[in-house]
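Taking it in order: structure first as structure tokens, then the write-up.
Read the figures in this text as sums done on the coordinates, not as results from a lab. In this text the structure is predicted, and so the values were computed from the model without any measurement. Note that each Cβ is placed from the backbone with ideal geometry, even for glycine, and that neighbours are counted across all protein chains shown.
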Amino acid sequence: MQTIENAGEIGDLKKLGTAAEKLGPKYRGMLALRNGAKLTAKLAARLLEVIWTLLGTAAWIVCAVWAFLRLFLKASRLPFKLARRTSKRDAPQHPGHLPDPSAKPVPEFLSSNG
């Protein structure tokens, strides 16, 4: 019965039969080890599946946080961009502490005190 439980296909039955002939009384121990190996392989496959799922979830969360931060930073800069755009439109084109280069030059005798 243990042989049939362990065999997945007909080819496995043939291999297990050959192993039973070679091992004799040790055959049942080999079946127990084979069951343990199957269990270990199944557990390892499940563990790997859980690890991949966790890694995928972590990558998704990182991408979502990155996208949210980009959106938040763009939205937080928007009022400043709008304010700068209106201030540029209303402000003169040259700095206030420098003379206006487009203005006509003032003759020297009018500019000097004295």
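Per-structure values
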{"read-out": "Under 26 Å from Lys81, Cα to Cα: lysines that are on another chain or at least 8 residues apart", "value": "none"}
{"read-out": "Separation in nanometres of the label points that stand 7 Å from Cα toward Cβ, at Ala83 and Lys38", "value": "7.2 nm"}
{"read-out": "Karplus 3J(HN,Hα) series, Hz, for the stretch 63-80 with 6.51 cos²θ - 1.76 cosθ + 1.60 (x for Gly, Pro)", "value": "5, 5, 5, 4, 5, 5, 5, 4, 5, 5, 5, 5, 5, 6, 7, 4, x, 5"}
{"read-out": "Cross-link reach list, lysines versus Lys26, counting only Cα pairs under 27 Å and skipping chain neighbours closer than eight places", "value": "Lys14, Lys15, Lys38, Lys42"}
